[in-house]
Ligand SMILES: [Zn+2]
Ligand SMILES: [Zn+2]
């Protein structure tokens, strides 16, 4: 029975994650999932998120030491703003595949998952800085 309950909880957490815009934190997911499942605890949400990450259904990324979660199924990279912490997606095609071949040759690893996180300044933050 435990297994069934876990599956239902994971499904609920994944649905909330997909319903939220951007790359929510566990607290964001918790706030959303509670509307439909008031009995779920934050600890349960964390456990469900970890399980989903291990299954490969969800991508976990660290932004300023906070975990954010991404339920997007298409492979993509991330660009993170150093100034405001905004996270945006960049298509996988934006990074040329020869780069991966070079990394495989240099490391001997066979790379299958390779989300890359770039850091910079987002368009909203570039403007005021340029005027200073
Ligand atoms: Zn910014
Ligand atoms: Zn993303």
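Quick rundown of the values:
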quantity	calculated
Strands (runs of 3 or more DSSP E) wholly inside the range 56-132 that include at least 2 residues being within 16 Å of ligand 1 (Cβ to nearest atom) and at negative phi	66-70, 76-81, 87-91, 117-120
Flag if residue 36 is away from ligand 2 (no atom under 15 Å from the Cβ), farther than 25 Å from residue 124 by Cβ, without any contact (Cβ under 8 Å) to a residue 12 or more places away in the chain and loosely packed, with under 12 Cβ neighbours inside 10 Å	no
Tabulated pairs, the range 55-76, first in the same structural domain as residue 26 (by TED's automatic domain parsing) and free of Cβ contacts under 8 Å to residues at least 12 places away in the same chain, second more than 16 Å from ligand 1 (Cβ to nearest atom) and assigned to a strand (DSSP E or B), C-beta under 8 angstrom, 6+ apart or interchain	60/67; 60/69; 60/70
Which numbered condition residue 74 misses (of (1) in contact with a helix residue (DSSP H, G or I) (Cβ under 8 Å, 6 or more places away or on another chain); (2) more than 23 Å from residue 14 (Cα to Cα); (3) surrounded by fewer than 14 Cβ atoms within 10 Å (Cβ to Cβ))	(2)
Hey, residue 47 free of Cβ contacts under 8 Å to residues at least 60 places away in the same chain and either outside the structural domain of residue 21 (by TED's automatic domain parsing) or within 16 Å of ligand 2 (Cβ to nearest atom) (or both) or not	no
Output for the range 44-66, where each listed residue is surrounded by 17 or more Cβ atoms within 10 Å (Cβ to Cβ), in contact with a strand residue (DSSP E or B) (Cβ under 9 Å, 6 or more places away or on another chain) and at pLDDT 90 or above	49, 52, 58
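The values are calculated or read from the model by the stated rules, or taken from the named source; none is laboratory data. Only a predicted model underlies this, so the values are computations on that prediction, with no experimental measurement involved. Every residue, glycine among them, receives a Cβ derived from its backbone with ideal geometry; neighbour counts consider all protein chains shown.
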